[in-house]
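Novice: After the structure tokens below, expect a handful of questions from me.
The values are calculated or read from the model by the stated rules, or taken from the named source; none is laboratory data. Being a predicted model, the structure only gives us computed values, none of them experimental. Cβ placement follows ideal geometry from the backbone for every residue including glycine, while neighbour counts extend to all protein chains displayed. Ligands, DNA and RNA are excluded from the accessible area calculation, which covers all protein heavy atoms including side chains. Shrake-Rupley method; radii C 1.70, N 1.55, O 1.52, S 1.80 Å.
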Amino acid sequence: MTNPNTLWTRTFLLLCTAQFFGSSQHALLQPTFPLYITWLGGTPFQVGLVLACFAVTSVVFRPIIGGWADQWSEPGVSFCGLALLSLAVLICLVPVAEATMFANGLRGIGWAGLNTGGYSLLALISPEKKRGAASGLYSGVQSSAQILFPPIALWLLYASFGGFGLIFITTAIFSVAGAFAGLLMASSVPRPVRPHSVRPNVPWWRDIFHFIEPEILLPSVLLLWLNVSLPAITNFIILYAQELRLTNFGAYFVVLGAASMLGRPLLGRLSDKIGRARSVASGFVLQILGLLLMTVVASLVGVIIGGVTYILGNAIGSSTTLAMAVERADPARRGKQMATFSVAYPLSYGVGSLITGSAIDIAGYAGMFLLLAAIQAAGLFFACAKASGLASAAR
């Protein structure tokens with residue numbers, strides 16, 4: 001019999017594998033899309049629009065997909081999401097910005113399926129006393145792709161045999177590999193009894209379109225606030241590096257990926273010890289410092305230091321809010337609630353991309369970083385005001 005306090009189960013390992021391949025696709029495209037759109041003649045604002053298409057569909061479809069996961073199968077939802085990711089990215093082979101916008105919208109739906117199924121499974125299989133560690137490891141696997149794949153994307157782009165087409169085909173292959181891991185996982189997932197309706201006397205279709213989940217509203221808002229500035233560090237930073245004329249910029253993604261991969265599991269366990277409120281506040285503080293550093297550095301080393309400071313704050317903040325959501329999720333509505341929580345990721349990605357792209361066009365890169373630092377400072381004040389609610393989340 002499996003020890004209920006054991007984290008390293010076959011299901012958890014396969015879940016992390018599927019998430020790794022799905023996140024690898026996303027990591028390959030992070031530096032690719034800004035360069036691709038500007039290569040097609042677009043502006044930073046148009047880059048923001050392309051990235052926002054991904055966010056819009058992911059936000060709209062997540063609650064629907066979450067209800068589907070509750071009624072059907074979490075592994076099945078993840079598999080369908082990965083399959084759609086592999087098909088959608090091939091549309092980007094058409095060298096037209098509008099085609100990339102459409103493809104990224106389809107990717108948003110696939111990403112919603114991958115993450116909705118993944119977060120639901122994480123809430124289902126995480127041992128009660130190790131939720132912070134499980135959340136840190138899970139998000140660490142998601143972010144570990146940052147170590148290799150953005151630099152690999154740049155290498156594939158500029159190699160003599162490479163180009164944008166090769167990157168798009170490679171990302172499709174990664175999604176197929178993740179889908180295969182999802183199929184293997186299906187047989188090992190515990191099958192809880194699923195009610196015909198998770199809310200008695202409410203039609204299934206109305207339950208699916210019930211978007212507000214009070215139990216996880218606070219961690220969802222905090223996650224959105226923490227991540228709204230993330231596109232500046234992961235996507236638009238490649239354009240900033242071009243303006244600074246920095247070479248060998250792949251090292252930036254390698255160092256940030258290593259910091260995120262190593263930091264999330266450690267900081268996730270730390271949040272179990274020091275409390276959720278302190279962890280979230282620490283995340284905001286580190287992100288503010290990282291953004292402010294970006295305004296005064298002009299070398300590769302300086303940009304890396306600013307990025308690492310930011311990414312460690314994002315690691316502890318995101319891991320902590322995920323642990324809070326896992327703790328608060330109602331088992332009868334786990335898929336729906338975790339889907340609603342995960343809406344914060346694409347919503348912050350879309351809003352943050354539009355804010356970042358617009359700020360660059362209007363105020364330049366320094367003005368953009370200062371604006372995002374001010375937004376994070378407001379988030380810090382909000383977290384401090386809600387400290388008692390954060391503390392009560394760990395029950």
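Novice: What is the one condition in (1) at pLDDT below 85; (2) surrounded by 24 or more Cβ atoms within 10 Å (Cβ to Cβ) that ARG10 does not satisfy?
Specialist: (2)
Novice: In the list VAL50, VAL59, which residue meets the criterion of being crowded, with 16+ Cβ neighbours inside 10 Å, on the phi < 0 side of the Ramachandran plot and out of contact with any Leu (no Cβ under 9 Å at 6 or more places or on another chain)? Step through it out loud before you land on a result.
Specialist: On the way: VAL59 fails: out of contact with any Leu (no Cβ under 9 Å at 6 or more places or on another chain).
Result of the check over VAL50, VAL59: VAL50.
Novice: Could you go through the range 62-72 and let me know if any residue there is closer than 18 Å to GLU98 by Cβ, of a type in the set (Val, Ile, Thr) and touching a residue at least 24 places away in the same chain (Cβ under 8 Å).
Specialist: no
Novice: Something else about it: Filter the range 360-393 down to the residues that are under 18 Å from PRO44 (Cβ atoms) and crowded, with 23+ Cβ neighbours inside 10 Å, then identify the one that is modelled with the lowest pLDDT.
Specialist: Applying the filter and picking the extreme gives ILE360.
Novice: When you go through ARG191, ARG206, ARG199 one by one, which is the residue that is basic (Lys, Arg) and either at pLDDT 80 or above or not in a loop (DSSP other than H, G, I, E, B) (or both)?
Specialist: Numbers: ARG191 fails: either at pLDDT 80 or above or not in a loop (DSSP other than H, G, I, E, B) (or both); ARG199 fails: either at pLDDT 80 or above or not in a loop (DSSP other than H, G, I, E, B) (or both).
Being basic (Lys, Arg) and either at pLDDT 80 or above or not in a loop (DSSP other than H, G, I, E, B) (or both) holds for just one of ARG191, ARG206, ARG199, which is ARG206.
Novice: Scan LEU114, LEU124 and give me the residue that is assigned to a helix (DSSP H, G or I), open to solvent by 10 Å² or more (accessible area, probe 1.4 Å) and modelled with pLDDT under 90.
Specialist: LEU124
Novice: Only one of these conditions is not met by VAL351: (1) within 21 Å of the chain's Cα centre (by Cα); (2) at pLDDT 90 or above; (3) surrounded by fewer than 22 Cβ atoms within 10 Å (Cβ to Cβ); (4) aliphatic (A, V, I, L, M). Which number is it?
Specialist: (2)
Novice: Still on this structure, I have one more. Could you pull out the residue among GLY108, GLY140 that is part of a helix (DSSP H, G or I), within 15 Å of the chain's Cα centre (by Cα) and farther than 22 Å from THR6 by Cβ?
Specialist: Values: GLY140 fails: farther than 22 Å from THR6 by Cβ.
Going through GLY108, GLY140 in turn, the sole match is GLY108.
Novice: Residue by residue through the range 70-105, note down the ones that are open to solvent by 40 Å² or more (accessible area, probe 1.4 Å) and part of a helix (DSSP H, G or I). Before the answer, list the steps.
Specialist: Let us first name the residues in the range 70-105 that are open to solvent by 40 Å² or more (accessible area, probe 1.4 Å), namely 71-72, 79-80, 84, 87, 90-91, 93-96, 98, 101-102.
Answer for the range 70-105, where residues must be open to solvent by 40 Å² or more (accessible area, probe 1.4 Å) and part of a helix (DSSP H, G or I): GLN71, PHE79, CYS80, LEU84, LEU87, LEU90, ILE91, LEU93, GLU98, MET101, PHE102.
Novice: TRP39 versus (1) touching a helix residue (DSSP H, G or I) at 6+ places or on another chain (Cβ under 7 Å); (2) within 30 Å of GLY364 (Cβ to Cβ); (3) surrounded by fewer than 18 Cβ atoms within 10 Å (Cβ to Cβ): which is the lone unmet condition?
Specialist: Here TRP39 clears every test but (1).
Novice: Would you check which residues across the range 77-104 are free of Cβ contacts under 8 Å to residues at least 60 places away in the same chain and under 16 Å from the mean Cα position of the chain (by Cα) and list them?
Specialist: Residue satisfying the conditions is GLY81 alone.
Novice: Could you give every pair whose Cβ atoms fall below 9 Å, whose first residue belongs to the range 236-258 and is free of Cβ contacts under 8 Å to residues at least 60 places away in the same chain, and whose second residue is open to solvent by 10 Å² or more (accessible area, probe 1.4 Å) and of a type in the set (Phe, Trp, Tyr), counting only separations of at least 6 or pairs across chains?
Specialist: Going by the 9 Å Cβ cut-off, the qualifying pairs are GLN242/PHE249; LEU244/TYR365; LEU246/TYR240.
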